[in-house]
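Student: Below is one structure. I have some questions about it.
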Amino acid sequence: MRTIIFAAWIACALQTYANAQGLGATSPKSFRAPEGFEVELIYEVPAKEQGSWVAMCVDLKGRLIVSDQYGKIYRVTPAGPGQPASATSVEDMGIKIGMAQGLLHTKDGLYIDVNGTGVIEKNGDKKDDASATPSGPGLYRLQDKDGDDQWETIERIIPLEGGGEHGPHAIIEGPDGRLYMCAGNQTDLPTKIDKSRVPRIWSEDHMLGRMPDARGFMATRLAPGGFILSLKPDGTDVELVATGFRNEYDIAFNPLGDLFTYDADMEWDIGTPWYRPTRVNHVISGAEFGWRNGTGKWPEYFADSFGAVANIGYGSPTGIVFGTGAKFPAKYQNALFIGDWSYGVVYAVNLEADGASYRSTFEPFVSASPMPITDMVVHPSEGCMYMTIGGRKVQSALYRIRYTGSESTQPAKYPDNPTAAAARNVRRSLEAMHLPGAKFDVDLALRHIGSKDRSIRTAARLALEHQANTALWRDPIAQSLPPQATITLAVALSRRGTPADQADIQNALLRLKWNELNSAEKLEMLRAYQLSFLRLGEGNEATRSKIIAQLDSHFPTSDGDALVDRELARVLIYLQAPKIIERCVKEMHSAGSAEQQIHYAFCLRDAQEGWTPETRKAYFEWFYQVASARGGASFGGFIENIRKVAIGWLSDEEKRSLGDLVGPPPSPADPMAELKPRATVKEWTVDELLAKYNEKKSGFDFERGKQMFAVAQCYKCHRFGGQGGIQGPDLTASSQRFSPKDMLTAIIEPSKEISDQYEATVFQTEEQTIIGRVANLNANMLMVSTNMLDPGNFVNLDRNDIVDTKPSKVSMMPGGLLDTLTADEVIDLLVYLQSGGNPKSERYTSAPAK
């Protein structure tokens with residue numbers, strides 16, 4: 001890790017600085033791309049005249065149409081390969097409408113998804129008065145009636161309310177000839193929706209409640225959140241496809257006809273258990289993706305939502321596009337390209353059919369710093385990719401990415417297999433029942449309600465939920481069904497049923513044997529219990545007691561399943577299980593990750609029964625321990641708000657007994673201070689530790705390995721088993737990719753090999769050197785993250801002050817993390833990583849383990 005290094009620059013740097021004034025667009029020489037790919041600067045956008053471009057499409061004549069975020073729409077004829085950028089021509093299209101974040105040209109017209117609140121006159125003046133029509137956010141269709149390249153008619157076919165950066169976004173054409181458009185969570189659903197694939201029974205569904213964002217951002221926004229619509233080209237037959245997104249900027253279909261999006265994180269949540277990274281979603285019919293405000297974001301394992309095919313990490317999702325039609329090697333023709341505006345990366349997501357859905361890997365495709373990518377298109381005739389950078393009034397530019405290498409660029413077949421094709425057909429036959437008037441095949445839905453394929457059982461559940469008359473399908477809940485079928489049916493009936501159904505639902509769940517369920521089934525069963533109470537009432541005392549008896553002895557879990565522990569705690573606190581407060585407070589102090597600790601603190605904030613003076617004291621002492629933790633901009637506010645709620649339940653006598661513990665909040669502490677109590681054991685080398693690792697054959701200690709993962713600060717930056725930070729790569733499956741030597745090398749010599757995905761940039765100015773990653777931008781201001789242990793703290797850097805930029809040869813990962821550990825502790829840490837966090841791993845069971 002490097003923070004900010006101040007230095008004076010020698011005379012030659014002054015000349016470099018002079019040349020750098022008005023740096024303009026990022027040079028193609030600064031881009032990193034796979035071998036054989038060439039990045040060309042096609043056009044540098046003059047900011048004062050043409051703004052900052054955020055949306056793009058290819059028109060029917062092969063030209064590009066682009067939009068300024070706050071202004072006009074332009075037509076671009078790019079310079080040909082090998083021609084200078086000056087050969088690019090840009091034409092003001094002379095239409096009143098602008099401020100688009102989605103563009104599409106088809107035989108039916110030019111579609112413009114307007115994000116702003118007014119229109120743009122030809123002279124560039126914004127008009128918000130009643131005479132400036134059409135106006136307001138929504139989807140517009142422009143038509144050229146006489147073929148003269150001019151647009152004679154403008155029609156607002158989908159009026160929308162809400163706008164800004166979480167407003168209406170992309171518009172694309174689907175393989176079925178319909179149009180598909182998406183909007184972020186500050187956009188209201190249109191008043192006219194003809195039909196909904198999403199059952200209109202959404203709610204917040206938070207057991208133990210939620211707290212709004214600590215800084216008040218969108219505190220009053222409730223479900224359903226961001227959404228995707230489908231419609232006919234004339235704007236009729238509007239259909240709600242999916243909901244529950246935060247801010248999905250773009251959508252894309254793969255060649256198999258499946259829809260995908262890249263949804264945003266809430267970066268202010270970083271470090272909390274409710275933080276969800278930016279993620280690629282397979283958008284199946286009727287699905288709910290679980291965005292809620294503040295602490296209420298649903299974890300992806302909730303049975304009434306649908307998860308991600310790729311969790312990417314921090315970032316700011318913008319344009320996405322499949323490589324279909326590109327003259328690229330087969331791997332890239334089949335990839336989904338996704339743009340991260342803040343960190344300046346285009347990822348290539350490689351999707352592999354997995355049942356009726358997909359699994360994935362991803363890798364950086366093109367990156368630079370800064371490279372605030374806004375949109376991408378694959379040109380159908382040229383076979384190249386065009387990419388715009390811009391947004392928030394930053395320097396904008398148009399680039400072209402071509403493949404000039406030696407690999408074949410012949411059209412590639414999209415990967416598929418017969419098993420996956422059959423599973424997709426099953427899912428789609430179930431999805432056909434998600435529309436009003438469709439024939440309801442109850443046998444088909446119930447046959448697949450227990451499918452091991454999550455996408456199929458989700459489609460089956462939604463088919464049932466569309467039937468308001470639950471008598472058509474509820475009866476099997478009273479029968480003995482396989483566990484997954486019982487759980488999914490319980491979720492459906494909890495969401496669609498009445499209080500009279502609660503007893504049957506809970507009795508069905510009580511028949512399940514905990515130790516015979518896998519981790520995913522346990523999580524879904526606990527969610528089913530939650531919904532049965534949230535939707536259908538508190539229930540009777542006798543049944544509540546039976547549920548406590550079924551679950552209580554399993555908390556905390558014997559195998560350290562952190563996610564199951566979270567949901568057990570949530571349900572048992574709600575049910576006021578005996579001594580649950582004592583156990584949760586103990587876990588607050590012993591859990592390895594701050595996320596897990598915060599979860600328990602949050603769940604206990606409103607608990608009023610079962611406290612003792614000792615547990616009260618231990619609960620409030622924890623807030624001093626967590627003061628060293630770091631996270632996003634709302635992290636500290638969330639912690640303090642949890643504390644305030646808990647204090648609010650105390651009597652005056654309890655407050656007096658706790659004294660300073662309920663006084664002014666603890667001051668933030670240095671996160672590195674946690675390392676100080678441990679003395680240096682040795683400056684270890686890879687060879688020394690590898691030799692000791694190879695010598696030891698048995699006696700590995702799971703609990704000590706887990707403890708060392710925390711002591712070595714791994715949780716600060718890495719996820720493992722569903723918890724921890726995301727500044728670095730997820731280590732849960734690291735043993736499948738890396739040998740013990742690889743792991744030791746990465747920890748002890750972090751700068752030996754640095755992935756493009758986590759590479760820092762050296763920014764040089766006249767007065768200082770700043771090493772870090774661009775995490776946000778606004779006009780000429782770069783916000784640089786310089787400390788992986790404090791990801792929400794940025795250094796502001798004016799782009800005009802930059803003399804030079806170059807990739808850093810020094811990793812942002814700290815060195816010396818193992819120097820306070822003994823050899824046995826390091827070995828236990830390595831074996832813990834190899835186990836994937838499973839104490840029943842063969843590394844422990846094949847040898848005498850402690």
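The values are calculated or read from the model by the stated rules, or taken from the named source; none is laboratory data. Source: prediction; values computed, not measured. FYI the Cβ positions are ideal-geometry reconstructions off the backbone, even for glycines, and counts take in every protein chain you see. The area values use the complete protein model at the heavy-atom level, side chains included, leaving out ligands, DNA and RNA. Shrake-Rupley method; radii C 1.70, N 1.55, O 1.52, S 1.80 Å.
Student: Among (1) part of a strand (DSSP E or B); (2) touching an Asp or Glu at 6+ places or on another chain (Cβ under 9 Å); (3) open to solvent by less than 10 Å² (accessible area, probe 1.4 Å), there is one condition Gly391 misses while meeting the rest; what is its number?
Tutor: For Gly391, the exception is condition (1).
Student: Quick one: Asp559 ticks every box in (1) of a type in the set (D, E, K, R); (2) in a loop (DSSP other than H, G, I, E, B); (3) farther than 20 Å from Glu587 by Cα bar one, so which box is it?
Tutor: (3)
So that you can scan it fast, the table gives a plain yes or no per residue for (1) out of contact with any Leu (no Cβ under 7 Å at 6 or more places or on another chain); (2) among the small types (Gly, Ala, Ser); (3) farther than 15 Å from Tyr399 by Cβ; (4) modelled with pLDDT of 90 or more:
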| site | (1), (2), (3), (4) |
| --- | --- |
| Met1 | yes, no, yes, no |
| Phe31 | yes, no, no, yes |
| Pro34 | yes, no, yes, yes |
| Leu41 | yes, no, no, yes |
| Pro84 | yes, no, no, no |
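Student: Given the conditions (1) under 29 Å from Lys331 (Cβ atoms); (2) open to solvent by 10 Å² or more (accessible area, probe 1.4 Å); (3) part of a loop (DSSP other than H, G, I, E, B), and given that Ala79 satisfies all but one, which numbered condition is not satisfied?
Tutor: Checking Ala79 against (1) under 29 Å from Lys331 (Cβ atoms); (2) open to solvent by 10 Å² or more (accessible area, probe 1.4 Å); (3) part of a loop (DSSP other than H, G, I, E, B), the one that fails is (2).
Student: Now for a separate question. Considering Thr458, Thr404, which residue is open to solvent by 10 Å² or more (accessible area, probe 1.4 Å) and more than 30 Å from Asp68 (Cα to Cα)?
Tutor: Exactly one residue qualifies, and that residue is Thr404.
Conditions tested, residue by residue: (1) of a type in the set (Phe, Trp, Tyr); (2) closer than 27 Å to Ala471 by Cα.
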| site | (1), (2) |
| --- | --- |
| Ile401 | no, no |
| His434 | no, yes |
| Phe440 | yes, yes |
| Leu444 | no, yes |
| Arg447 | no, yes |
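Student: Let me ask something additional. Which of the residues spanning region 579-620 are modelled with pLDDT of 95 or more, among the aliphatic types (A, V, I, L, M) and assigned to a helix (DSSP H, G or I)?
Tutor: Ile580, Ile581, Val585, Met588, Ile598, Ala601, Leu604, Ala618
Student: Restricting to region 94-113, name every residue that is over 36 Å from the mean Cα position of the chain (by Cα) and buried (at least 21 other Cβ atoms within 10 Å of the Cβ).
Tutor: Those that are over 36 Å from the mean Cα position of the chain (by Cα) and buried (at least 21 other Cβ atoms within 10 Å of the Cβ): none in region 94-113.
Residue by residue, here is whether (1) more than 18 Å from Arg454 (Cα to Cα); (2) open to solvent by less than 10 Å² (accessible area, probe 1.4 Å) holds:
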residue: Pro482; (1), (2): no, no
residue: Ala490; (1), (2): no, yes
residue: Ser494; (1), (2): yes, yes
residue: Gly497; (1), (2): yes, no
residue: Ala500; (1), (2): yes, no
residue: Gln506; (1), (2): yes, yes
residue: Leu510; (1), (2): yes, no
residue: Lys513; (1), (2): yes, no
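Student: Continuing with this model, one more query. Given the condition of a type in the set (D, E, K, R), assigned to a loop (DSSP other than H, G, I, E, B) and in contact with a strand residue (DSSP E or B) (Cβ under 7 Å, 6 or more places away or on another chain), answer yes or no: does some residue in region 353-364 qualify?
Tutor: The answer is no; no qualifying residue exists.
Student: Does Lys96 meet the test of being modelled with pLDDT under 90, out of contact with any Pro (no Cβ under 7 Å at 6 or more places or on another chain) and among the charged types (D, E, K, R)?
Tutor: Working: modelled with pLDDT under 90: yes; out of contact with any Pro (no Cβ under 7 Å at 6 or more places or on another chain): yes; among the charged types (D, E, K, R): yes.
In short, yes.
Student: While we're here: Of all residues being part of a loop (DSSP other than H, G, I, E, B) and among the hydroxyl-bearing types (Ser, Thr, Tyr) in region 47-70, which is farthest from Cys384 (Cα to Cα)? Just the residue, please.
Tutor: Among those residues, the one meeting the criterion is Tyr70.
Student: Right, something else. Quick check on my filter: what residues within region 323-352 are of a type in the set (Phe, Trp, Tyr) and not in a strand (DSSP E or B)?
Tutor: Filtering region 323-352 down to residues of a type in the set (Phe, Trp, Tyr) leaves 328, 332, 337, 341, 343, 347.
Residues satisfying the conditions are Phe328, Tyr332, Trp341, Tyr343.
Student: Is it true that some residue in region 573-593 is within 24 Å of the chain's Cα centre (by Cα), open to solvent by less than 10 Å² (accessible area, probe 1.4 Å) and over 26 Å from Ala627 (Cβ atoms)?
Tutor: Looking through region 573-593, none of the residues is within 24 Å of the chain's Cα centre (by Cα), open to solvent by less than 10 Å² (accessible area, probe 1.4 Å) and over 26 Å from Ala627 (Cβ atoms).
Student: Between Asp304, Asp269, which is touching a Leu at 6+ places or on another chain (Cβ under 8 Å) and not hydroxyl-bearing (Ser, Thr, Tyr)?
Tutor: On the way: Asp269 fails: touching a Leu at 6+ places or on another chain (Cβ under 8 Å).
Asp304 is the lone residue from the list that is touching a Leu at 6+ places or on another chain (Cβ under 8 Å) and not hydroxyl-bearing (Ser, Thr, Tyr).
Student: Further question on the same structure: Of the residues in region 208-219, how many are out of contact with any Phe, Trp or Tyr (no Cβ under 8 Å at 6 or more places or on another chain), open to solvent by 40 Å² or more (accessible area, probe 1.4 Å), in contact (Cβ under 8 Å) with a residue 24 or more places away in the chain and not basic (Lys, Arg)?
Tutor: 1
Student: List the number of the failed condition for Gly339; all other conditions in (1) of a type outside the set (A, V, I, L, M, F, W, C); (2) within 22 Å of Val54 (Cβ to Cβ); (3) touching a Lys or Arg at 6+ places or on another chain (Cβ under 9 Å) hold.
Tutor: Only one criterion is unmet by Gly339, namely (3).
Student: Quick one: is Leu256 within 30 Å of Phe638 (Cα to Cα) and open to solvent by 10 Å² or more (accessible area, probe 1.4 Å)?
Tutor: no
Student: Report whether or not Val241 is over 14 Å from the mean Cα position of the chain (by Cα), outside any loop (DSSP other than H, G, I, E, B) and in contact (Cβ under 8 Å) with a residue 60 or more places away in the chain.
Tutor: Yes; evaluated as a whole, the condition is true for this residue.
Student: Here is a follow-up. Can you pull out the residues in region 407-449 that are among the small types (Gly, Ala, Ser), within 29 Å of the chain's Cα centre (by Cα) and surrounded by 18 or more Cβ atoms within 10 Å (Cβ to Cβ)?
Tutor: Ala420, Ala423
Student: Another question about this same structure. Of all residues in region 151-173, how many are out of contact with any Ser or Thr (no Cβ under 9 Å at 6 or more places or on another chain), open to solvent by 60 Å² or more (accessible area, probe 1.4 Å) and not in a strand (DSSP E or B)?
Tutor: Adding up the residues that qualify gives 2.
Student: Just need a number here: residues in region 523-582 that are over 29 Å from Glu614 (Cβ atoms) and charged (D, E, K, R). Before you say what the answer is, go through the steps one by one.
Tutor: Of region 523-582, the ones over 29 Å from Glu614 (Cβ atoms) are 523-525, 527-540, 542-543, 546.
Subset that is charged (D, E, K, R): 524, 527, 535, 538, 546.
Matching residues across region 523-582 total 5.
Student: Now for a different question. Somewhere in region 380-388, is a residue in a loop (DSSP other than H, G, I, E, B) and touching an Asp or Glu at 6+ places or on another chain (Cβ under 7 Å)?
Tutor: no
Student: Identify, please: which residue in region 26-73 is over 22 Å from Val378 (Cβ atoms) and under 30 Å from the mean Cα position of the chain (by Cα) and is, among those, surrounded by the fewest Cβ atoms within 10 Å (Cβ to Cβ)?
Tutor: Here is the first cut: in region 26-73, the residues over 22 Å from Val378 (Cβ atoms) are 27, 29-30, 44, 46-52, 68-72.
Now restrict to residues that are under 30 Å from the mean Cα position of the chain (by Cα): 27, 30, 51-52, 68-71.
Working: Ser27: 12, Ser30: 18, Gly51: 23, Ser52: 24, Asp68: 26, Gln69: 23, Tyr70: 17, Gly71: 19.
Once the filter is applied, the top-ranked residue is Ser27.
Student: Quick one: count up the residues across region 621-655 that are outside any loop (DSSP other than H, G, I, E, B), in contact (Cβ under 8 Å) with a residue 60 or more places away in the chain and either among the β-branched types (Val, Ile, Thr) or buried (at least 19 other Cβ atoms within 10 Å of the Cβ) (or both).
Tutor: 6
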